[in-house]
1. What is the sum of charges around A54, taking Lys and Arg as +1, Asp and Glu as -1, for the other residues whose C-beta is under 15 Å from the C-beta of A54?
2. How charged is the neighbourhood of F15? Take every other residue with its Cβ under 15 Å from the Cβ of F15, and add Lys/Arg as +1 and Asp/Glu as -1.
3. Is there a quick way to get the dipole size of the stretch 1-128? I mean about its Cα centre, with the Cβ of Lys and Arg at +1 and of Asp and Glu at -1; what is the value in debye to the nearest 20?
4. If the cut-off is 14 Å between C-alpha atoms, which aspartates and glutamates fall inside it for K2, apart from same-chain ones fewer than 8 positions away?
5. Against the longest principal axis of the chain, how steep is helix 6-22, in degrees 0 to 90 to the nearest 10, with axes from Cα atoms?
6. Where a ≥ b ≥ c are the square roots of the eigenvalues of the C-alpha gyration tensor, would you call the chain rounded, which needs a/c under 1.5, or, failing that, prolate if a/b is larger than b/c, or oblate?
7. Nearest 10 degrees is fine. How inclined is helix 118-133 to the longest principal axis of the chain, computing both from alpha carbons?
8. Could you work out how far the C-alpha centroid of the stretch 95-117 sits from that of the stretch 7-81, in angstrom?
Amino acid sequence: MKLAHLPLRVSIGAFILNSGLGKRNLEGGAAEGLHGMAVGAVPQLSRLEPARFAKLLSYTEVALGAALLAPFVPAPLVGLGLTALGAGLVQLYLKTPGMREAGSLRPTQQGIGLAKDSWLLGAGLTLVLEGFTHGRRSL
């Protein structure tokens, strides 16, 4: 891990790891609510039962958070995982009714939490792109 990546990877990795650990035992209404929002953005997820979806999301977040914290996992690889998670959250923001002001990308008060997740997409793309440009001259 490059020293310059340390603040980014530790802060995001700890946050995502904690989020995944918090979803480990979701059941009932909590799992249904999480699943319902996800299905609104990605209808194919309706094939999964809510509790199963919550478990899979938990495992995914724990694995990604741990990979971000592990210094031996290459930046482009964790960047791909972070980009996928960030893209999914941005899709959730864009497709969930009431998250954006009408005809705009600007978030409503309810959408601010999801809109903020766009930073995950940016951080993931930064790690991926840095891997492609490592050792090359800057523009």
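Readers should treat all values here as calculations from the given coordinates under stated rules, not as data from a laboratory. A quick note: this is a predicted structure, and the numbers were derived from the prediction, not measured. Don't worry about glycine lacking a Cβ; one is built from the backbone with ideal geometry, like all the others, and counts go over all protein chains shown.
1. Neighbourhood net charge equals +1.
2. With Lys, Arg at +1 and Asp, Glu at -1, the net is +1.
3. It comes to approximately 160 debye.
4. E130
5. 30
6. oblate
7. Taking the Cα atoms of the chain, the angle to 118-133 is about 30 degrees.
8. The distance from the Cα centre of the stretch 95-117 to that of the stretch 7-81 comes to 21 Å.
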